[in-house]
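This report refers to the structure that appears directly beneath it.
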Amino acid sequence: MNVTAKLSSKGQVTLPREVRERLGLKRGDGLIFQIDGDTITLLAPHDDNPFTALIGTLPPVPGGARTYWREQRGGDSDTSPSETSPPTPGPTDP
């Protein structure tokens with residue numbers, strides 16, 4: 001497939017729809033320009049993290065994530081550990 005595009009005065013190129021569709025690109029996606037001599041190959045970047053595709057697929061945790069994890073750890077307030085721990089006797093305490 002050969003597709004032609006023009007360079008704007010700002011050095012920008014609008015990718016033709018056929019190219020965007022073929023690479024699966026959408027607004028805001030990045031591109032990789034692979035340059036070898038006079039040949040430039042345009043690539044869609046691939047995310048190496050397989051879990052990225054799962055972001056946002058689970059429903060939100062009722063009450064929020066902080067509340068959930070606080071309950072899992074046995075805590076019940078927004079206080080820091082130093083506020084919930086009993087005071088440690090010092091050298092002058094009986």
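The values are calculated or read from the model by the stated rules, or taken from the named source; none is laboratory data. As the structure is a computational prediction, the values presented were derived from the model and not from experiment. With ideal geometry, Cβ positions are generated from the backbone for all residues, glycine too; neighbour counts draw on all protein chains shown.
General remarks:
- Within the range 29-44, the set of residues being exposed (fewer than 10 other Cβ atoms within 10 Å of the Cβ) and either modelled with pLDDT under 85 or charged (D, E, K, R) (or both) comprises 36, 38.
- Scanning the range 1-17 for residues being loosely packed, with under 10 Cβ neighbours inside 10 Å and in contact with a Ser or Thr (Cβ under 9 Å, 6 or more places away or on another chain) gives a total of 2.
- Pairs where the first residue, in the range 42-55, is without any contact (Cβ under 8 Å) to a residue 12 or more places away in the chain and the second is acidic (Asp, Glu), C-beta under 9 Å, 6+ apart: 53/47
- Yes/no for residue 20 being loosely packed, with under 10 Cβ neighbours inside 10 Å and either more than 22 Å from the chain's Cα centre (by Cα) or under 18 Å from residue 5 (Cα atoms) (or both): no
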